[in-house]
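So the structure is just underneath, and the comments pick up after that.
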Amino acid sequence: MRVINVQNLTRDYGSGKGIFDVSIQVEKGEVFGFLGPNGAGKTTTIRHLMGFIKPKAGNCQIDGLDCWKDRGEIQKGLGYIPGEISFFDDMTGKEFLKFVADYRNLGKENRMQEMLERFESNPKGKIKKMSKGMKQKLGIVSAFMHNPDILILDEPTSGLDPLMQNRFVELIAEEKKKGKTILLSSHMFEEVERTCDRIGIIRNGKLVTVDAVETLRERHMHTYTVHLDSPQLAEDFARDFQGVCDGNRVTVAAKQSLETIFMNYYGGEEND
Amino acid sequence: MINITLYKREMKSSLKMLLLFAAIITMYVTIIIRMYDPEMMATLDSFYEVMPEVMASVGMSAGATNLIGFMISYLYGFILLIFPMIFCIMRGNGLIARYVDRGSMVTLLASPIKRGTIAATQLSVLISGILLLVVYATGLEYTIAEISFPGELAIAELLKLNAALLCLHLFIGGICFLASCIFSDTRYSIAFGAGVPALMYILQMLANAGEEADVIKYFTFFTLFDAKGIVAGEGGAALGMLVLLFGAITFYGIGILAFCKKDLHI
């Protein structure tokens, strides 16, 4: 079943800015990675999905409902982490989460406590004084609190330390197992690679490619097998270069940077 | 139709400002009503003779012979117009435009609460604030008048007068709310929401000041608030009050509609 359906979505902001003829389909239970550099149009696409802006051309639907007209209905089962977190500065983190729970009319049965513990967060202080990471954790808690079936996450791990990024990756994997549909935007290839089934790459407002992670990985990762003098050396080498050790041999993968991957789609050289 | 959780939060934010303006109003109303002294009227009238333009521009005119006339001259030309107006401007901007400008509107929209409900809630916060200020001023005026000059102030006249005052402020609130809904940038929201009422008030001052400038009164909505006419029970004054009320309702409707329809780049 198609949960998120974006068809030929276009929004021209002039001078080449905007999104042009973007089409994305995300199936139920799928994790879709939306990858692109800053200013590529990820957030603009997501704003359409959230019903913040009305499509100028094309359309987008979630669960068969129109994202602009039926935004209230769609939001019942949707969790959202905005790309730029801006909460109510005058509140403490706790007050804010309580506000969101009451505002959404959630009962006592919600995932607030579970999420706070998962991210080791105790947001007692004023939001105004919080670090980026703390605010991001609040954003994650408020997006998952009501246990939504669909998640739209705009650069959800920005500001999180590597440990918390791992926790987040685990969370996504768990939610996926429960059959949730997730659209996750990022500018980091590693992040989407670890969490997503399929990846769409957007650049300058145009969707360049949509592929399964495996396909992209095969196309853009080179692996080398290195023979070393002793198993001890091989083990050290594997640790230092994140390779897979097998006796004297170590297999290492060279990941291309995102830019290189983009260059493959833009720079002329097709497929290596 | 409104969201109680949001309403509570916003009323809490209004509280400080309401208390501040209530304190200012308390101070002025108390001082001015206690100044009322039929013999003193002669002195004030002599001020008016010396500098009629200055006195008239802030709505103070000569010949107020009874207590309500005195109050109209000295409270309803400046104090009770300006302070609730500042409340409307500050709150009006804060209720919608500031949330959009700062991006925290995302929190309110990323939920099953409809935009119409959000706007109606914020509007009801503004109206509640205006209502509280006017009701407080009415109670205060009556109490002070009864303590100082028992039996001098006719309650029916005071109620009519403050009903008209309420309509005026609902109208001003409507302008501020509309500006807040239309503009996503606080700068423009404030420029329009504060600029229009302030300009209108200045025109009103000019219109009051001189005979030849009298024609200006047709260009400001403050003319629709005719305090003396309301107390005297004139039909024209009552009509002006109704125009203000319907204008206010129209602004509210357009504001909510504009907010529901507009693109939010947040």
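The values are calculated or read from the model by the stated rules, or taken from the named source; none is laboratory data. These figures come from a predicted structure and were not determined experimentally. Here Cβ is always computed from backbone atoms with ideal geometry, including for glycine, and neighbour counts include all displayed protein chains.
Summary table
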item: Conditions (1) buried (at least 17 other Cβ atoms within 10 Å of the Cβ); (2) in contact with a Lys or Arg (Cβ under 8 Å, 6 or more places away or on another chain); number of the one not met by B:Leu133; result: (2)
item: Close pairs (8 angstrom Cβ cut-off, 6 or more residues apart or separate chains): in contact (Cβ under 8 Å) with a residue 24 or more places away in the chain in segment A:129-141, polar (S, T, N, Q) anywhere; result: A:Lys132/A:Ser158; A:Met134/A:Ser121; A:Gln136/A:Thr157; A:Gln136/A:Ser158; A:Lys137/A:Ser121; A:Leu138/A:Ser121; A:Val141/A:Ser121
item: Pairs with Cβ under 6 Å, 6+ apart, first in segment B:75-101 and without any contact (Cβ under 8 Å) to a residue 60 or more places away in the chain, second surrounded by fewer than 23 Cβ atoms within 10 Å (Cβ to Cβ) and of a type in the set (Ser, Thr, Tyr); result: B:Ile79/B:Tyr28
item: Criterion violated by A:Glu155 - all others in (1) touching a residue at least 40 places away in the same chain (Cβ under 8 Å); (2) touching a Pro at 6+ places or on another chain (Cβ under 8 Å) satisfied; result: (2)
item: Positions within segment A:99-115 being under 22 Å from B:Arg98 (Cβ atoms) and free of Cβ contacts under 8 Å to residues at least 40 places away in the same chain, in sequence order; result: A:Phe99, A:Asp102, A:Tyr103
item: Residues located in segment A:13-64, provided they are touching a Gly at 6+ places or on another chain (Cβ under 6 Å) and closer than 17 Å to A:Thr181 by Cα; result: A:Ile24, A:Gly29, A:Phe34
item: Only listed residue being out of contact with any strand residue (DSSP E or B) (no Cβ under 9 Å at 6 or more places or on another chain), within 14 Å of chain A (Cβ to nearest Cβ) and modelled with pLDDT under 95, chosen from B:Leu264, B:Leu203; result: B:Leu264
item: Helices (runs of 4 or more DSSP H) contained in segment A:118-235 and holding at least 2 residues under 26 Å from A:Ile85 (Cβ atoms) and of a type in the set (Val, Ile, Thr); result: A:132-144, A:162-177, A:189-195
item: Out of B:Ala119, B:Ala137, B:Ala156, sole residue that is part of a helix (DSSP H, G or I), at pLDDT 95 or above and more than 14 Å from every other protein chain (Cβ to nearest Cβ); result: B:Ala137
item: For A:Tyr80: the one exception among (1) within 14 Å of B:Ser104 (Cβ to Cβ); (2) at pLDDT below 95; result: (2)
item: Which listed residue is closer than 22 Å to B:Thr107 by Cβ and surrounded by fewer than 16 Cβ atoms within 10 Å (Cβ to Cβ), from A:Ser158, A:Ser131, A:Ser142, A:Ser185; result: A:Ser131
item: Helices (runs of 4 or more DSSP H) contained in segment A:1-108 and holding at least 3 residues within 11 Å of chain B (Cβ to nearest Cβ), buried (at least 16 other Cβ atoms within 10 Å of the Cβ) and charged (D, E, K, R); result: none
item: Filter pass, B:Leu131 being away from chain A (no Cβ under 14 Å) and of a type in the set (A, V, I, L, M); result: yes
item: Among the residues listed as B:Arg98, B:Arg91, the single one being charged (D, E, K, R), surrounded by fewer than 23 Cβ atoms within 10 Å (Cβ to Cβ) and at pLDDT 80 or above; result: B:Arg98
item: Per-region count, segment A:161-178, residues in contact with a strand residue (DSSP E or B) (Cβ under 7 Å, 6 or more places away or on another chain) and buried (at least 19 other Cβ atoms within 10 Å of the Cβ); result: 2
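Rundown of residues vs (1) surrounded by 14 or more Cβ atoms within 10 Å (Cβ to Cβ); (2) touching a residue at least 12 places away in the same chain (Cβ under 8 Å); (3) of a type in the set (Gly, Ala, Ser), yes/no style:
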{"residue": "B:Glu212", "(1), (2), (3)": "no, no, no"}
{"residue": "B:Ile249", "(1), (2), (3)": "no, yes, no"}
{"residue": "B:Gly255", "(1), (2), (3)": "yes, yes, yes"}
{"residue": "B:His265", "(1), (2), (3)": "no, yes, no"}
